[in-house]
Amino acid sequence: MDTTSVAASILPSGPDRMTVRKMPFDFTPRNESWNPDKPEFAHIVNSASLAMPYLEPYLIKSMRKARPLIKDETLLEELDKYIKQEATHYRRHKEFNDTLSAKGYASVARMEGTLAKDYAKLESRRSLRFNLAYAEGFEAMALAIGEMLIDDREYLFGDSDSAVASLILWHFVEEIEHKNVAYDVLHHLHPGYFLRIFGLVYATSHIFWRTGQGYRALLKEDGLWQSSKSRWKLLKVLGRVMKSIIPKWLRILRPGYHPKSVKDPSWGVEWASVFDEGGSDLAKLDTRRLHEAVPVGSTIEMRL
Ligand SMILES: [Fe+2]
Ligand SMILES: [Fe+2]
């Protein structure tokens, strides 16, 4: 691996910055949490994962409805790649979510039912304008969350189950790759600051509310919600996450905001490059060496 070429790589703009990857994760159900040191954080992630097989198909349907209205060929190419990336994301999340169900969490099916209804209602009752604003609100937030997860990956995912950590980090590397698409589609069809901010506030409030319901239910099932020690650990990790996200979230409120002005995290670019050269055998990251973008069992050494 030529480290200099990777370190110098900058993702291009346009459809070439996106790659659709097949990720063969093997989510072996285990008795303990996939992140034994941080079960509270694990349940925040688990809860967010429950939304993906409903939220991401909703985004895809909104983009497909927008497609015939778009006159820009480059944007159409980007939109098609966006759809392909999101389609692989929610399928892998569904496989992971099914392992949570298989472990016996009753709240998984309940939350899935609620989320399925939420997104069916948004799709059938709201205008395309609203749905595209929601899509950009979600994508703007996903970009901020992706930066936070990558910045803090060693603390949040260190020594955790490689398949789950890799699922999340892969997903957000690709969220960062397609960061411009929903913004550009919304701007192309319905430009306007207040609509974009409305979409951001609505999508953020909706997703944070449902994620909160989900992790509370999962923590209750584990008997952790009742523990003051666990509640304190939950507050600490939420505080840490929000401290990183809030400044990034405020940046989105600027009238001149465009996601292309947000720098791609070098670790994400490097990991994508390792995977794209090495193929699916490299899908699982070594969670004991997250400083580097190193797959399990690899002897590749890269310093950022
Ligand atoms: Fe996604
Ligand atoms: Fe996305």
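Ile70 falls short on exactly one of the conditions (1) modelled with pLDDT of 95 or more; (2) within 26 Å of Glu221 (Cβ to Cβ), and that condition is (2). Exactly one residue out of Ala116, Ala140 is in contact with a Phe, Trp or Tyr (Cβ under 8 Å, 6 or more places away or on another chain), open to solvent by 20 Å² or more (accessible area, probe 1.4 Å) and among the hydrophobic types (A, V, I, L, M, F, W, C), and it is Ala116. Evaluating Phe172 against the criteria (1) under 17 Å from Gln85 (Cβ atoms); (2) open to solvent by less than 20 Å² (accessible area, probe 1.4 Å) leaves one unmet condition, (2). When Ala283 is tested against (1) at pLDDT below 95; (2) out of contact with any Ser or Thr (no Cβ under 7 Å at 6 or more places or on another chain); (3) within 23 Å of Ile145 (Cβ to Cβ), exactly one condition is not met: (2).
Results for (1) more than 18 Å from Lys179 (Cα to Cα); (2) of a type outside the set (Asp, Glu), shown as yes or no for each residue.
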site	(1), (2)
Pro12	no, yes
Lys38	yes, yes
Asp98	yes, no
Ser101	yes, yes
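Against the criterion of being within 16 Å of ligand 2 (Cβ to nearest atom), at pLDDT below 95, not basic (Lys, Arg) and not in a helix (DSSP H, G or I), Thr19 qualifies. Checked across the range 192-207, the condition of being open to solvent by less than 20 Å² (accessible area, probe 1.4 Å) and touching a Ser or Thr at 6+ places or on another chain (Cβ under 9 Å) holds for no residue. Being at pLDDT 95 or above and out of contact with any helix residue (DSSP H, G or I) (no Cβ under 9 Å at 6 or more places or on another chain): is that true of Tyr183 here? So Tyr183 fails the test.
If the condition is being of a type in the set (Val, Ile, Thr) and open to solvent by 70 Å² or more (accessible area, probe 1.4 Å), then the range 217-256 contributes only Ile246. The residues of the range 22-51 that are open to solvent by 20 Å² or more (accessible area, probe 1.4 Å), touching a helix residue (DSSP H, G or I) at 6+ places or on another chain (Cβ under 6 Å) and part of a helix (DSSP H, G or I), listed by number, are Ile44, Ala48. Scanning the range 143-168 for residues that are small (Gly, Ala, Ser) and buried (at least 20 other Cβ atoms within 10 Å of the Cβ) yields Ala144, Gly146, Ser160, Ser162, Ala163, Ala165, Ser166. Just one of the listed residues (Lys84, Lys103, Lys117) is at pLDDT below 95 and out of contact with any helix residue (DSSP H, G or I) (no Cβ under 8 Å at 6 or more places or on another chain), and it is Lys103.
Selection of the range 65-79 for residues being surrounded by fewer than 21 Cβ atoms within 10 Å (Cβ to Cβ) and either within 15 Å of ligand 1 (Cβ to nearest atom) or outside any helix (DSSP H, G or I) (or both) yields Ile70, Lys71, Asp72.
Among the residues here, Arg129 does not qualify as closer than 30 Å to Arg289 by Cα, among the basic types (Lys, Arg), assigned to a helix (DSSP H, G or I) and touching a residue at least 40 places away in the same chain (Cβ under 8 Å). Could you grab the pairs with beta carbons closer than 6 Å, sequence gap of 6+ or different chains, first residue in the range 81-98 and among the aliphatic types (A, V, I, L, M), second one within 11 Å of ligand 2 (Cβ to nearest atom)? Listed by first residue and then by second, the contacts come to Ile83/Ile60; Ile83/Met63.
The values are calculated or read from the model by the stated rules, or taken from the named source; none is laboratory data. This is a predicted model, so every value here is computed, not measured. Here the Cβ is made from the backbone with ideal geometry for all residues, glycine too, and neighbour counts use every protein chain on show. The protein model used for the area step is the full one, side chains on, heavy atoms only, and it has no ligands, DNA or RNA in it. Shrake-Rupley method; radii C 1.70, N 1.55, O 1.52, S 1.80 Å.
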